[in-house]
1. Taking the Cα centroid of region 1-21 and of region 112-149, what is the distance between the two, rounded to the nearest whole Å?
2. Among the GluC sites (Glu not before Pro) in region 97-162, which ones are in a DSSP loop with at most 12 other Cβ atoms within 10 Å of the Cβ? Mind listing them?
3. For residue 191, what is the net charge nearby, where nearby means another residue's Cβ is under 11 Å from its Cβ and Lys, Arg count +1, Asp, Glu -1?
4. Which residue, 54, 199, 172, tops the fluctuation ranking in a GNM of the chain built on C-alpha contacts under 10 Å?
5. Tally Lys/Arg at +1 and Asp/Glu at -1 over every other residue whose Cβ is under 13 Å from the Cβ of residue 82; what's the total?
6. Please work out the Kirkwood hydrodynamic radius for region 1-79, using every pair of different C-alpha atoms, and report it in angstroms with one decimal place.
7. What number do you get for region 1-45 when its Cα radius of gyration is normalised by 2.2 N^0.38 Å, N = residues?
8. Would you mind counting up the charge near residue 133? Only other residues with Cβ under 12 Å from its Cβ, with Lys and Arg at +1 and Asp and Glu at -1.
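What follows draws every value from the coordinates through simple rules; no lab data is involved. Owing to the predicted nature of the structure, the values given are computational and were not obtained by experimental measurement. Neighbour counts are summed over all protein chains in view; Cβ atoms, including those assigned to glycine, are modelled from backbone coordinates with ideal geometry.
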Amino acid sequence: MSDKREHILVVAEELFGENGFDGTSVRDIAHKAGVNLAMISYYFGSKEKLLEALIQFRAEYAYGILEELNKDESLSPWDKIDRLVDFYVDRVLNNLRFHNIMYREATNFRSEEIRDRIIAIKLRNLEQITKIIQDGQQKKLFREVDIPMTVGTLMGTISSYTQAKAYGCQVLALGYDSNDEQYRSKLAPRLKAHLKSLLRAHLSIKNAE
């Protein structure tokens, strides 16, 4: 990927995250990126195609991390679960704008093509996480669980506190005056510890009925 194309994607991510897809024009992106409209048209064709490219750009990175985690034979299944939690919490909290874009577009009926692409990305990631859990089951460390529901619990818990900062600040007593960076630094360790504890209790074969 060219540096200029990647730069445009990063700028688009920032503006989409701040102003929403509908509230951001191609002209806005071109101005902030310091390029002309023709260059955006050349690389992407349209604002919708630019969003698709952004989603794919970020998704390829995440998938690569999950794939490498699966292949790492030096880690136990429990180590991989812990790394998985660390990865998703850090990824969402450090890329809140993109996470918000993904959330909005996955539930938006404006573009079936974009929605279907997001679903395909989530399914592909689920496949990698499924392999980690199945490996733990084969090694008699994890019990049989509903894997899609387990992953939904992981992602839903993260989203519940990243989609509603004001609520999170209040119920977790993180302070109303916390800025985004302070909120992330306070939330991340607590969220990671909770999810790791939750998944250990949920997955452990010792808790099988």
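1. 29
2. Answer by residue number: 144.
3. +3
4. Fluctuation is largest for 172.
5. +1
6. Taking the inverse mean of 1/r over all distinct Cα pairs, region 1-79 comes out at 14.0 Å.
7. Here the Cα radius of gyration is 1.03 times the empirical estimate.
8. Net local charge, residue 133 excluded: 0.
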